[in-house]
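The values are calculated or read from the model by the stated rules, or taken from the named source; none is laboratory data. Treat the numbers as computed from the prediction; the structure is a model and nothing was measured. Counting neighbours? That spans all protein chains shown, and the Cβs are built from the backbone with ideal geometry, glycine included. Ligands, DNA and RNA are excluded from the accessible area calculation, which covers all protein heavy atoms including side chains. Shrake-Rupley method; radii C 1.70, N 1.55, O 1.52, S 1.80 Å.
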Amino acid sequence: AQSVAQPEDQVNVAEGNPLTVKCTYSVSGNPYLFWYVQYPNRGLQFLLKYITGDNLVKGSYGFEAEFNKSQTSFHLKKPSALVSDSALYFCAVRPRGDGSARQLTFGSGTQLTVLP
Amino acid sequence: KAGVTQTPRYLIKTRGQQVTLSCSPISGHRSVSWYQQTPGQGLQFLFEYFSETQRNKGNFPGRFSGRQFSNSRSEMNVSTLELGDSALYLCASSLAGDGYEQYFGPGTRLTVT
């Protein structure tokens, strides 16, 4: 079965500084990888995904993520954080191929707080 | 294009009752998934439907069921409600294919008393 780990429940960063939200996964084969963001009392919003190709994926609102196959990681990054980036971030993985248990599995979430 | 809509947005039910939640996907999306979100368990997958067929099912008891209609709209039902069913229930839709991102609705906040 697949699993996703977000080792940090909380990440604090000063506005203007770079931010990283960590994600590692466990799944057989090459999975599809996703990042979502959730603002209070809202559903999740899609940020970016890795399907294949370039290991650096660019997404919405200036976010990017780096896929590292050897470390089974997919860390979310942004060069310069904004206060408005403060939200709950989820990493998700979905196995490829046929068969059952191919659902999207989410990590536990990381609360990002950008301090002014 | 209109987003995913979920009705109702808020529900208060009593233990033992049943509840039906509704989800209308983005036009053209044929895949609909349901998730339960709680502070303790996080986001947990309930089930996924595609073209009126259940493709995947999460590890939830049989009290949780769902269905999808020919217009891709979906409903989920929870029977014999328990206090632990209090949660935010999220619906998401996507194009066919596992590599496509899911688009989430605002959720239905269910409170069981």
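Here are some notes:
- Residues in region A:52-82 that are of a type in the set (G, A, S), under 19 Å from A:P7 (Cα atoms) and either surrounded by fewer than 15 Cβ atoms within 10 Å (Cβ to Cβ) or in contact with a helix residue (DSSP H, G or I) (Cβ under 7 Å, 6 or more places away or on another chain) (or both): A:S70 alone.
- Hits in region A:73-105 - residues which are at pLDDT below 95 and not small (G, A, S): A:V93, A:R94, A:P95, A:R96, A:D98, A:R102, A:Q103, A:L104, A:T105
- In chain B, counting only strands (runs of 3 or more DSSP E) that sit wholly within it, the ones holding 2 or more residues that are open to solvent by 20 Å² or more (accessible area, probe 1.4 Å) span B:5-7, B:10-13, B:19-24, B:31-38, B:42-50, B:53-57, B:64-68, B:74-78, B:108-112.
- Matching residues in region B:70-113 - criterion: being of a type in the set (K, R) and within 14 Å of chain A (Cβ to nearest Cβ): B:R109
- Qualifying positions in region A:13-51 - away from every other protein chain (no Cβ under 14 Å), buried (at least 18 other Cβ atoms within 10 Å of the Cβ) and in contact with a Leu (Cβ under 6 Å, 6 or more places away or on another chain): A:V13, A:V21
- Members of region A:52-68 found to be in contact with a Leu (Cβ under 7 Å, 6 or more places away or on another chain) and in a loop (DSSP other than H, G, I, E, B), listed by number: A:G59, A:F63
- Enumeration of residues in region A:52-85 that are within 14 Å of chain B (Cβ to nearest Cβ) and out of contact with any strand residue (DSSP E or B) (no Cβ under 6 Å at 6 or more places or on another chain): A:T52, A:G53
- Breaking point among (1) in contact (Cβ under 8 Å) with a residue 40 or more places away in the chain; (2) open to solvent by 60 Å² or more (accessible area, probe 1.4 Å), for A:D85: (2)
- Region A:32-43 residues that are under 23 Å from A:K69 (Cα atoms), paired with ones that are of a type in the set (V, I, T) and part of a loop (DSSP other than H, G, I, E, B) (beta carbon under 7 Å, 6 or more apart): A:Y32/A:I51
- All positions within region A:94-116 that are part of a strand (DSSP E or B) and either in contact with a Cys (Cβ under 7 Å, 6 or more places away or on another chain) or within 11 Å of chain B (Cβ to nearest Cβ) (or both): A:R94, A:T105, A:F106
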